[in-house]
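Some notes on the structure that comes next.
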Amino acid sequence: MTKPKMKIKKGDQVVVLTGRSKGVKGEVLDAYPVVRRVVVQGANVVTKHQKPTQTSPGGIQKKELPIHVSNVALVDPKSGEATRINYKTLKDGKKVRVAKKSGETIE
């Protein structure tokens, strides 16, 4: 079985399209391609009650949980809106991601 491929990667700026965090823009902190989920900074935040341990004091902590990759879209570098992703091969043979709305390359 081949490794699943996601068009959204760690470090990308995305916007949440659906769910209780709809409209939140943030950076992808982690990507899990096998389960097709991403962790977005400031989105899907829950409070977790942690017991104290030898290393941490415990208490109530806020934490971001993963959301499905179909519920987020990449932010267009030109307009700042949600966009889909296309792939393009440059003259030197390098494959890059391109925003469909503006045509800008995504680093």
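The numbers here are math on the coordinates, done by the rules we state, and not lab data. None of these values were measured; they are calculated from a predicted model. Note that we place each Cβ from the backbone using ideal geometry, even for glycine, and neighbour counts take in every protein chain shown.
Tabulated data for the structure shown
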quantity: Filtered residues of segment 62-86 (kept if among the polar types (S, T, N, Q) and either part of a strand (DSSP E or B) or surrounded by 18 or more Cβ atoms within 10 Å (Cβ to Cβ) (or both)); calculated: 71, 83, 86
quantity: Residue count, segment 25-44 (criterion: at negative phi, buried (at least 16 other Cβ atoms within 10 Å of the Cβ) and in a loop (DSSP other than H, G, I, E, B)); calculated: 1
quantity: Failed criterion for residue 22 (all others in (1) in contact (Cβ under 8 Å) with a residue 24 or more places away in the chain; (2) surrounded by 10 or more Cβ atoms within 10 Å (Cβ to Cβ) hold); calculated: (1)
